[in-house]
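A.B. asks: Structure in structure tokens, see below.
The values are calculated or read from the model by the stated rules, or taken from the named source; none is laboratory data. Keep in mind that this is a model prediction, so the values were computed, not measured. All Cβ positions, glycine included, derive from the backbone under ideal geometry; neighbour counts span all protein chains shown.
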There are 2 protein chains.
Amino acid sequence: MTIRHQPDRAVPSKDLIDAVRAFNRFYTRQIGLLDEGLLKSTFSLTEARVLYELAHRDGLTATDLGRDLGLDAGYVSRLLKKFERLHLISRATLASDARQSSIALTPAGRNAFAPLNKDSHDQVAALLDRLPTSEQDRLVKSMRTVQRLLDENAEPKIPYLLRPLQVGDIGWITRRQGMLYAQDYGWDETYEALVAEILAAFVKSYDPKWERSWVAEREGEVVGSVFVVRKSDQVAKLRLLYVEPSARGLGIGKRLVEECIGFARARGYKTLTLWTNDILTAARHIYQAAGFRLTEEEPHHSFGKDLVGQNWDLDL
Amino acid sequence: MTIRHQPDRAVPSKDLIDAVRAFNRFYTRQIGLLDEGLLKSTFSLTEARVLYELAHRDGLTATDLGRDLGLDAGYVSRLLKKFERLHLISRATLASDARQSSIALTPAGRNAFAPLNKDSHDQVAALLDRLPTSEQDRLVKSMRTVQRLLDENAEPKIPYLLRPLQVGDIGWITRRQGMLYAQDYGWDETYEALVAEILAAFVKSYDPKWERSWVAEREGEVVGSVFVVRKSDQVAKLRLLYVEPSARGLGIGKRLVEECIGFARARGYKTLTLWTNDILTAARHIYQAAGFRLTEEEPHHSFGKDLVGQNWDLDL
DNA sequence: ATCATTTACTTGACTAAGTCAACCAATTTA
DNA sequence: TAAATTGGTTGACTTAGTCAAGTAAATGAT
């Protein structure tokens with residue numbers, strides 16, 4: 001099932017639409033170029049696509065193939081008949097439904113598919129080989145992004161994972177927090193600078209025994225983070241909790257806070273404290289649910305706005 | 001002409017190749033879905049593609065169309081004949097070559113194309129509309145990246161532009177510098193922290209009269225930056241020059257340094273100074289060419305490495 | 001339990017879409 | 001100036017795919 005937040009929708013701008021259309025035209029051509037290479041084989045393009053599916057997925061039925069590849073049922077039927085005549089596939093009537101059968105490649109089918117597969121592989125390899133490795137990575141990353149955004153069924157198997165800070169993270173976290181709060185609350189660039197300062201200080205004075213960072217990663221992208229720093233022997237401070245809008249609803253915020261609490265307990269701190277602003281309601285709910293209590297409120301003028309700062313404490 | 005650096009090439013890994021192939025299969029299907037919607041019109045898909053080209057580009061010849069859309073010459077010839085019979089296009093024999101003619105849509109042709117164009121536009125709009133705006137932007141950005149990387153002819157019209165710092169930049173610059181120097185020279189996370197610290201300080205104490213930032217943007221992405229800060233009435237300091245590997249060779253580094261020098265002169269500084277490390281040879285060449293002179297060298301241990309720091313000065 | 005409907009697949013009849021080779025005329029190259 | 005190349009056209013052809021009708025099995029409604 002797909003769970004997806006849908007904040008701030010608006011009519012897509014003409015520029016965006018045109019860019020997508022330009023990409024569609026471009027990629028139509030691109031696929032055409034790649035397919036040309038496969039045309040020399042005895043199989044048509046569609047036949048090759050069918051063979052690919054059969055080689056990579058088990059227990060497919062004729063309807064599955066038609067649906068997934070967008071083919072006419074009659075056409076699929078004929079293709080399969082041809083493959084059967086060539087002894088490339090075998091069909092086993094399903095016990096659950098005598099109309100359907102599970103289709104599998106025979107060894108001969110695998111043999112026939114192998115050179116096709118190799119050609120396609122080599123062609124893509126040649127395409128990639130024109131680029132330096134760093135650009136290859138960018139290409140693939142961008143492709144994955146496109147695919148994930150367009151394919152609603154493409155929810156990642158692992159929704160997210162937590163890991164400690166690594167090089168590049170503090171810049172990324174700085175950027176995203178700066179941009180998010182600028183966008184959502186109109187905060188100015190001094191907030192981003194504050195985040196940068198806090199993170200720089202965290203790294204420089206990092207004390208692994210008493211402090212820790214958690215970065216939430218989803219599909220190789222940072223989608224959230226939180227930090228615990230030492231204030232005193234007794235008191236730890238939770239800092240800079242954030243979750244990407246696109247990754248909200250997965251429980252990442254709650255999980256990050258839980259990790260902080262667990263860590264603070266394990267290290268023997270007596271109190272976990274944090275500072276936030278009253279307008280950040282999503283975060284507040286998480287803190288409340290985790291047992292934090294508001295201890296202090298104080299108006300202040302920061303980041304170009306009038307705000308109300310809050311201190312929250314949790315007894316460990 | 002395409003100028004492109006080709007550092008560190010290697011055989012593309014199987015994972016990358018498979019990811020690209022998966023994307024190709026995915027997008028084949030995606031295009032198929034989008035095209036289904038256009039099938040109800042009187043024109044075939046290819047006819048629609050031809051009309052699109054004709055509507056958007058002037059002075060096309062039959063060969064141009066065949067080449068750009070990957071179509072058989074005979075087929076193009078027939079398509080055009082059909083369009084001519086329907087009075088959708090007109091042909092004007094070229095003065096320069098009596099065999100060729102320049103093809104243009106007639107008003108009737110534009111009329112016939114309009115609903116097709118609208119359908120395609122609306123369909124893409126509907127596709128985008130399923131996503132929140134922030135994700136729409138990500139999608140389009142990723143598509144542009146894919147297109148630019150695969151299409152060697154797709155050099156951007158504007159190679160790059162310079163602008164002052166905006167929200168999100170200091171995080172991005174921090175990240176990229178941290179990652180680049182980690183990758184190329186093995187520097188540890190304290191370098192990234194240092195960049196974050198410097199940039200945070202820059203923003204917090206920014207004095208517009210005496211200080212300035214330049215961010216180089218290419219295709220909407222940050223590909224370089226540099227900062228000038230005030231050391232004293234007489235001395236300005238150039239800091240944190242960097243250019244993305246993918247954007248090198250465009251003269252961005254040189255340009256950024258020139259901007260710094262011009263600014264420092266205009267503000268009446270007497271000296272522009274900078275600190276760098278001897279291993280950063282590309283940067284050094286730029287400084288030398290701009291007239292900077294090495295004034296001091298000093299070994300130091302930073303970022304987990306033994307380095308040789310250098311001070312360079314330019315008399316303004 | 002039974003009848004109507006839906007689903008999975010098949011088949012015949014068809015055509016749109018595209019290919020291939022041969023050809024002509026204009027242009028370029030040797 | 002002859003030979004080769006390029007731009008475009010045409011006839012003959014195939015292939016890839018569509019559409020509608022039909023069968024048998026499964027499902028749903030009564």
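A.B. asks: With the condition kept exactly as written, say whether any residue in segment B:147-156 is outside any helix (DSSP H, G or I), facing chain A (nearest Cβ under 7 Å) and modelled with pLDDT of 95 or more.
C.D. replies: So far as segment B:147-156 goes, no, none of its residues is outside any helix (DSSP H, G or I), facing chain A (nearest Cβ under 7 Å) and modelled with pLDDT of 95 or more.
A.B. asks: When A:L165 is evaluated against the numbered criteria (1) modelled with pLDDT under 90; (2) part of a loop (DSSP other than H, G, I, E, B); (3) out of contact with any helix residue (DSSP H, G or I) (no Cβ under 6 Å at 6 or more places or on another chain), which criterion, by number, is the only one it fails?
C.D. replies: The number of the failed condition is (1).
A.B. asks: Regarding segment A:76-87, can at least one residue be identified that is closer than 20 Å to B:V20 by Cα and in the same structural domain as A:L128 (by TED's automatic domain parsing)?
C.D. replies: no
A.B. asks: Okay, moving on. Could you please let me know if B:L116 is away from DNA strand D (no atom under 11 Å from the Cβ), touching a residue at least 40 places away in the same chain (Cβ under 8 Å) and surrounded by 12 or more Cβ atoms within 10 Å (Cβ to Cβ)?
C.D. replies: Answer is yes for this residue.
A.B. asks: While we're on this one: Go through B:A104, B:A48, B:A22 for me and flag whichever is over 27 Å from A:R148 (Cβ atoms), away from DNA strand C (no atom under 16 Å from the Cβ) and of a type outside the set (K, R).
C.D. replies: B:A104
A.B. asks: Continuing with this model, one more query. Could you please let me know if A:V50 is of a type in the set (V, I, T) and either more than 10 Å from chain B (Cβ to nearest Cβ) or loosely packed, with under 14 Cβ neighbours inside 10 Å (or both)?
C.D. replies: yes
A.B. asks: Which one is farthest from DNA strand D (Cβ to nearest atom), of the residues in segment B:78-104 that are among the small types (G, A, S) and exposed (fewer than 12 other Cβ atoms within 10 Å of the Cβ)?
C.D. replies: B:A95
A.B. asks: While we're here: Of the residues B:Q177, B:Q183, which is at pLDDT 95 or above and within 13 Å of another protein chain (Cβ to nearest Cβ)?
C.D. replies: None of the other options fit; the residue is B:Q177.
A.B. asks: From (1) farther than 20 Å from B:L194 by Cβ; (2) assigned to a helix (DSSP H, G or I); (3) of a type in the set (V, I, T), pick out the condition that doesn't hold for A:I170.
C.D. replies: (1)
A.B. asks: For segment A:208-227, state whether one or more residues are surrounded by fewer than 19 Cβ atoms within 10 Å (Cβ to Cβ) and in contact with a Gly (Cβ under 7 Å, 6 or more places away or on another chain).
C.D. replies: no
A.B. asks: Still on this model: Of all the strands (runs of 3 or more DSSP E) wholly in segment B:192-256, which have at least 1 residues that are modelled with pLDDT of 95 or more and polar (S, T, N, Q)?
C.D. replies: In segment B:192-256, the matching strands (runs of 3 or more DSSP E) lie at B:212-218, B:221-230.
A.B. asks: Do you know which residues across segment A:252-296 are more than 24 Å from A:L307 (Cβ to Cβ), exposed (fewer than 14 other Cβ atoms within 10 Å of the Cβ) and hydrophobic (A, V, I, L, M, F, W, C)?
C.D. replies: A:A266
A.B. asks: Would you call B:A108 touching a Ser or Thr at 6+ places or on another chain (Cβ under 6 Å), more than 14 Å from chain A (Cβ to nearest Cβ) and more than 10 Å from DNA strand D (Cβ to nearest atom)?
C.D. replies: no
A.B. asks: Starting from segment B:126-140, keep only residues that are within 14 Å of A:E244 (Cβ to Cβ), then list their pairs with residues that are modelled with pLDDT of 85 or more whose Cβ atoms are within a distance under 6 Å, requiring at least 6 positions of separation or different chains.
C.D. replies: Once the first residue is within 14 Å of A:E244 (Cβ to Cβ) and sits in segment B:126-140, its partners that are modelled with pLDDT of 85 or more give B:E135/A:L149.
A.B. asks: In the list B:L51, B:L45, which residue meets the criterion of being away from DNA strand D (no atom under 15 Å from the Cβ) and not β-branched (V, I, T)?
C.D. replies: Just one listed residue meets the conditions, B:L51.
A.B. asks: Right, here's the next one. Considering only segment B:260-297, how many residues are touching a residue at least 12 places away in the same chain (Cβ under 8 Å) and not in a helix (DSSP H, G or I)?
C.D. replies: 20
A.B. asks: Within segment B:17-47, track down each residue that is more than 7 Å from every other protein chain (Cβ to nearest Cβ) and aromatic (F, W, Y).
C.D. replies: Selection gives B:F43 alone.
A.B. asks: Within segment B:57-76, take every residue that is more than 12 Å from DNA strand C (Cβ to nearest atom) and among the charged types (D, E, K, R) and give me the one that is farthest from the other protein chains (Cβ to nearest Cβ).
C.D. replies: Top of the filtered list is B:D58.
A.B. asks: Within segment A:26-45, track down each residue that is over 14 Å from B:R29 (Cβ atoms) and within 11 Å of DNA strand C (Cβ to nearest atom).
C.D. replies: Listed by number, the residues that qualify are A:G32, A:E36, A:L39, A:K40, A:S44.
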